[in-house]
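Comments concern the structure below.
The values are calculated or read from the model by the stated rules, or taken from the named source; none is laboratory data. Bear in mind the structure is a predicted one, so any value in this text is a computation, not a measurement. Glycine also receives a Cβ, built like all others from the backbone with ideal geometry; neighbour counts cover every protein chain displayed. Side chains are part of the model used for accessible areas, which takes the heavy atoms of the whole protein and leaves out ligands, DNA and RNA. Shrake-Rupley method; radii C 1.70, N 1.55, O 1.52, S 1.80 Å.
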Amino acid sequence: MMQALELIALRGPDGLRLGERPVPSHEGMVVIETHAAGVCFPDLLMSRGKYQVSPQLPAVMGQEVAGRVLEAPRGSRFSPGDRVWALLESGGHAEVVAAPPERTFALPDDVDYVDGAALGVNYLTSAFALHRRGDLRAGESILVLGAAGGLGTAMVGMARAMGAVVHAVVSTDDKVATAREAGAHQVYVGDGFRDAVMATTGGRGVDCVADIVGGDLTVQAVRSTRPEGRVLVLGFTNGIGAVPSNRLLLRNVSLVGAGMGPLMAHVPDLLTGLSVTVVEALAAGLRPLIDSTFPLARGAEALRRMEDREARGKLVLQVRSDTRETAEPALTGGQ
């Protein structure tokens, strides 16, 4: 048996408890001893019954893990003892998990387990949005909305690693330092960022916007973009925005959907290519910005911190005590 953080009621953090479950062992899967597990926004939505997939209770959430391989199918590239990170459908908040080989990736020797657990959702999503959907090039400028959260800091760090000039929007003054630590060159506070962006860019606007927030800010994102620029739609924490089509026409701006999940079924090797982009950024010195870590038994506190919008970067559960172990000293912080 193993310990797992179970969702027993759709009451958000209050619906979680530490329980016991059988150790998973599935033919064709990579069985991983979890050392650290990420907490992501879909976990919060699922805990409230607001996610696109309804969990069958009791359920174990968690889509991101890092740890050591216990078992691996023949021909999977992995062997017992290998350090890996993986992206799961769910089940990551447990001492042992089973991951598909195509969603399991080697963890570089100089990246510790806490940082490895932060890669699965936010950094693969960032690589997908910026590289595949946004075609972001070195020297271009990008504006990241919601830049102090887990996905926002990942987007800032990845864009910086790709050689972009990074502008960031945060909601309050106390989040400015977080965006800068993640790698932002310029930070704006509050919803009325459009005029400041245009002033900073000499009236031109940015080449690209990563919109994680949605709501009324999507229109401002379009207005902050240069002619023939693009706005990447990644999320709707402030609700789904309605963009008047004349704004797109008059500025010749492209509104681009960036949903990695829906495309994975149609592009089987999608994650493999994205993982290479992430590992290249790690090799160049990128590290996730970690807000805080919690033991597995206190996972509800991590989810509550996310729900209260107090997190400044990534939240990670320390499932085992050696989560900061690396083969070589690790770099920390953003770019």
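Shape analysis of the range 129-242 places it in the rounded category; the axes a ≥ b ≥ c from the Cα gyration tensor give an a/c below 1.5. For trypsin sites (Lys or Arg not before Pro), the sites in the range 48-156 that DSSP calls loop and that have at most 16 other Cβ atoms within 10 Å are 48, 50, 74, 77, 137.
Reported value for the range 171-303: 172 Å³ per residue, from the convex hull of its C-alpha atoms.
Averaged over its residues, the chain has an accessible area of 42 Å² per residue, based on protein heavy atoms and a 1.4 Å probe.
Divide the volume of the convex hull around the Cα atoms of the range 26-107 by the residue count and you get 87 Å³ per residue. Taking GluC sites (Glu not before Pro) in DSSP loop conformation with at most 12 other Cβ atoms inside 10 Å as exposed sites, the chain has its longest uninterrupted site-free stretch at 90-309. In the chain, helical runs assigned H by DSSP with n ≥ 4 each contribute -39500 (n - 2.57); averaged across all residues and rounded to the nearest 500, the mean residue ellipticity at 222 nm is -7000 deg cm²/dmol. Each Cα pair under 8 Å and six or more residues apart adds its sequence gap; the mean of these over the residue count of the range 1-89 is a relative contact order of 29 percent.
Probe radius 1.4 Å, ligands and nucleic acids ignored: give me the carbon and sulfur share of the accessible area of the chain as a rounded percent.
49
The charge dipole of the chain, taken about its Cα centre with unit charges on the Cβ atoms of Lys, Arg (+1), Asp and Glu (-1) only, comes to about 860 debye.
When the P(r) is computed for the range 1-160, the part past 27 Å accounts for 29% of the Cα-Cα pairs.
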